[in-house]
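As structure tokens, the structure follows; a few thoughts come after it.
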Amino acid sequence: MSPTLLLSGREASDKILVDLKPKIAKLDPKLVVVQVGNDPGSSSYIKQKIKSCTEVGMRSEHCHLPSTISLADLLSKVGELNADPDITGFIVQLPLPEHLQSHVPEIIRAIDPKKDVDGFGAYNLGKVFLSKEFEHLPPATPAGIIMLLEHYKISVAGKHAVIVGRSNIVGKPLAVMLLNRDATVTVCHSKTKNIAGCTLQGDILVAALGKPKFITKDMVKPGAVVIDVGMSRIDGKLIGDVDFETVQEIASAITPVPGGVGPMTVASLIKNCVHAKERQNR
């Protein structure tokens, strides 16, 4: 068997961002990232997003709000951002503090679909369900995974893709986007019986469940393409949902953690912001 291909999201995202630079220079879009509180994971992601914006010459702003902010005041801030014509797109970084967590659907619903560059709102998610051609502002992580596969010329048509995890942010929209590209898709979750029986059928296996090293070598079909969306911090080290060391022995291609899906999510967010500006200019 040929050596396992390491699917570097850093390499693929660099190429995508370089290609976006001329459009960014011409359109001058602006991204705002809203952070409520001081979740360390969120702070790290936001830093990466702002850094990537700076590298491609895109205007960005980090709007940092106190963890004690009320729902009414947060919704008022969302309304301000919706109304500001200079702001192309914005995201409300998740997770939110405990008192706001049950209101996440309401907060996402308040974001103008034209500025919903995270692609979490019902309008943009619904368009993803129509066809590939209507994926105008798709959720950033699934879109990043698709771009990563395209960068490495890994075709999904006719392949059996197995996704472990059914979140509205990754699992469900990714399943639809893979269907849009002619894959056969199985989605596993916490109530699935015999998960290994499903994962062993995957030509493409996506782990997006947030359990470190859940996917072991004996759960992976030899020669499979393995995409690890998980990111847990253990003893200060980032660990994915896949037991990388053993799985890479049998996979034909695999994403590292960190440096795999993460940079693609950021590139996808910036691409969505550029696309939002193009559509707003029409």
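If you go through the stretch 22-48, how many residues are loosely packed, with under 14 Cβ neighbours inside 10 Å, at pLDDT 95 or above and either among the basic types (K, R) or assigned to a helix (DSSP H, G or I) (or both)?
The total comes to 3.
Look at L178 and say whether it is in contact (Cβ under 8 Å) with a residue 12 or more places away in the chain, crowded, with 19+ Cβ neighbours inside 10 Å, within 22 Å of the chain's Cα centre (by Cα) and assigned to a helix (DSSP H, G or I). I'd like the intermediate steps shown before the answer.
Working: in contact (Cβ under 8 Å) with a residue 12 or more places away in the chain: yes; crowded, with 19+ Cβ neighbours inside 10 Å: yes; within 22 Å of the chain's Cα centre (by Cα): yes; assigned to a helix (DSSP H, G or I): yes.
So L178 passes the test.
Here are some residues: I46, I87, I91, I50. Which one is β-branched (V, I, T) and over 16 Å from P29 (Cβ atoms)?
Matching residue, one of I46, I87, I91, I50: I46.
Give just the number: which of (1) in a helix (DSSP H, G or I); (2) in contact with a helix residue (DSSP H, G or I) (Cβ under 7 Å, 6 or more places away or on another chain) does K172 not satisfy?
All conditions are met except number (2).
Could you identify the single residue in L81, L96, L65, L74 that is closer than 18 Å to P40 by Cβ and either buried (at least 17 other Cβ atoms within 10 Å of the Cβ) or among the aromatic types (F, W, Y) (or both)? Steps first, answer last, please.
Numbers: L81 fails: closer than 18 Å to P40 by Cβ; L65 fails: either buried (at least 17 other Cβ atoms within 10 Å of the Cβ) or among the aromatic types (F, W, Y) (or both); L74 fails: closer than 18 Å to P40 by Cβ.
Sole residue among the options that is closer than 18 Å to P40 by Cβ and either buried (at least 17 other Cβ atoms within 10 Å of the Cβ) or among the aromatic types (F, W, Y) (or both): L96.
Scan the stretch 135-163 and report the pairs whose first residue is within 13 Å of S8 (Cα to Cα) and whose second residue is of a type in the set (V, I, T) and part of a loop (DSSP other than H, G, I, E, B), with Cβ atoms within less than 9 Å and a gap of 6+ or a chain change.
Within 9 Å, the pairs are I145/V170; I145/V229; I145/T255; L148/I154; L148/T255; L149/V156.
The values are calculated or read from the model by the stated rules, or taken from the named source; none is laboratory data. Please read these numbers as outputs of a predicted model, since none were measured by experiment. A quick note on method: Cβ atoms are made from the backbone with ideal geometry, for glycine too, and the neighbour counts reach across all protein chains shown.
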